[in-house]
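Before any comments, here is the structure.
What follows draws every value from the coordinates through simple rules; no lab data is involved. Given the structure is predicted, the values throughout are model-derived calculations rather than measurements. So basically every Cβ, Gly included, is an ideal-geometry build from the backbone, and we count neighbours across all protein chains shown.
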Amino acid sequence: TVEYILFLQEVQERKKFEFVETILSFMYGWLTFYHQGHEVAKDFKSFTTDLQKRLQKT
């Protein structure tokens, strides 16, 4: 019976770990997505600034 309780605790801990691991993977995926988007936006900053200046001149 004590062994059964220990087994149940191990199963619960494993489930918790797997859940947290899944959430962390999801979060890192989103962070990577937004980081890449930010990098692309930085790369186009000079283009958008130049375009804005040209539009204001016309």
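Data overview
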quantity	calculated
Only one of T22, T1 that is out of contact with any Leu (no Cβ under 7 Å at 6 or more places or on another chain), among the polar types (S, T, N, Q) and surrounded by 10 or more Cβ atoms within 10 Å (Cβ to Cβ)	T22
Residue in the range 23-39 that is of a type in the set (S, T, Y), part of a helix (DSSP H, G or I) and more than 11 Å from the chain's Cα centre (by Cα) present	no
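For every residue, the table says whether it meets (1) of a type in the set (A, V, I, L, M, F, W, C); (2) surrounded by 10 or more Cβ atoms within 10 Å (Cβ to Cβ).
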{"residue": "V11", "(1), (2)": "yes, yes"}
{"residue": "R14", "(1), (2)": "no, yes"}
{"residue": "F17", "(1), (2)": "yes, yes"}
{"residue": "F26", "(1), (2)": "yes, yes"}
{"residue": "A41", "(1), (2)": "yes, yes"}
{"residue": "F44", "(1), (2)": "yes, yes"}
{"residue": "D50", "(1), (2)": "no, yes"}
{"residue": "T58", "(1), (2)": "no, no"}
